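One structure is given below, encoded as structure tokens.
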Amino acid sequence: MGLATSTNCVHTFNNIMNPLSSSITFCAALTLASAGRAASVGSPFYGDAPDDHHPWAVHDANRPQPRVVAPGTFSSQEQPGTPPADAVILFDGTDLSKWEADEGTGVPTKWVAKNGAMECVPGSGYVRTKESIGDCQLHVEWAAPTKVEGNGQGRGNSGVFLMGLVEIQVLDNYNNPTYPDGSAGSVYGVNPPLVNALRPPGEFQAYDIVFRRPVYKDGKQLDPGYITVFENGVLVQDHTMLEGATGHMSRSKPSPFPAAGPLKLQDHGNPVRYRNIWYRPLPPRAIEGGTDGYLSTDATMTKRAETAAMIRKDAPSRKDAANPLPELLRLTESLVYEQDEETVEKAQQLATQYMESVQKLSPAELAAKKDEIKHLRDITRYLVRFNVIPADAEPVAQLDQIVKDQNWDKKK
Ligand code: MG
């Protein structure tokens, strides 16, 4: 008998390929040594198998666990909140060491840190981070001067410039209308905010921004880039497509961005204050090599191959002279991600060994293996369904036959 004996099977195998990934322990659960239970969430051979664009099965326990991040706290007017544990803090209320004047590297900024905020000194120019920042989640709080002076664009104007290129407008727009695409929370000159959710001048306003820069390859745009902004917790930019760098009077034009650039804050002649500035770099998108999301077939197959290799490497640790099942199942699991002739051969040998041992069982011993054998029968059905093994692979019929002969599918 064999898991995959026919030529058609090898052909099928070659068409299937796939890989897997990392945490390994769930296979211990699979170790039918402890008997066959119905497959449960997180065990292999459960959710739909990987395909051409998804390197993971549905509910795949091999998929890497999300990283644990201790969240921060929200701010009040009196007290800035604390950033999440993995945030890069750009300004904590006192320390301006991560900032410099926009005039040139190492030129100290004339903006000042006082009363827990960094304040624009009108005429001193933009301030920028010394570090370069690309795709990110950015948190910024700002306050327009309490004393209201000027109107329109002249009142409490500043700006948050992602990568120094895309301005999210900062403006005291509270009871102070201006052109919509220059309102607070606008992508300046491109897209007005969905609503005006500002607090009165003097109070701190919070911007939470998700920034994805444009991605180009060989001069071709793969992703225009998008920006999402919450103003005081209210959505004002909803995954707004970027149209290039923003500017005054001129229409923005799509163009390649570098991988990262400094975050800049604008000096527009008003003593706007900032506090609690932090960001979290974002992982690459699928389009630029990320491994989550809807992947290209190439990227999917690469990831599936990695996962299969990881499982194949682990399989020998399941070897048990008295019980071929743990190793057999681990090897078979790898085939769900990627076909591999050597693995198929080994699995066939172990499957043969197992089926021969089953055939030698006394009726009482066989009865004791009811759950295990039914579970294996279900696994073969899964493998056939996802073309991992051909429908005519011997164990399929053999296990079916045993279950039928024993009348184990009969409802109680
Ligand atoms: Mg501005």
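Bear in mind that the values in this text are calculations on the coordinates, not laboratory data. These figures come from a predicted structure and were not determined experimentally. With ideal geometry, Cβ positions are generated from the backbone for all residues, glycine too; neighbour counts draw on all protein chains shown.
Counting only aspartates and glutamates at least 8 places from Lys313 when in the same chain, those with an alpha carbon closer than 17 Å to its own are Glu327, Glu333, Glu338, Asp340, Glu341, Glu342, Glu345. Multiplying the residue separation of Ser250 and Glu149 by 0.36 nm and removing their Cα-Cα distance gives an extension gain of 33.6 nm. The alpha carbon radius of gyration of the range 74-192, expressed as a multiple of 2.2 N^0.38 Å, is 1.10. Shown for the range 88-288 is the translational diffusion coefficient from the Stokes-Einstein equation, using the Kirkwood radius over Cα pairs, a temperature of 10 °C and a viscosity of 1.306 mPa s: 95 µm²/s.
Remark on the chain: hydrodynamic radius 25.3 angstrom, per the Kirkwood mean of 1/r across alpha carbon pairs.
When the listed pairs Lys346/Lys404; Lys319/Lys360; Lys98/Lys220; Lys346/Lys374 are checked against a 25 Å cut-off, the alpha-carbon distance exceeds it for Lys346/Lys404; Lys98/Lys220. The label point for Asp320 and the one for Lys370, both projected 7 Å from the Cα toward the Cβ, are 2.2 nm apart. Bridgeable lysines around Lys147 (alpha carbons under 28 Å apart, same-chain partners fewer than 8 residues away excluded): Lys110, Lys114, Lys264. For the range 333-362, backbone nitrogen atoms closer than 19 Å to the point 7 Å from Asn387 Cα along Cα-to-C-beta are found at 333-341, 344. Extension gain, Thr94-Lys313: 0.36 nm per intervening residue step, less the Cα-Cα distance, totals 73.7 nm.
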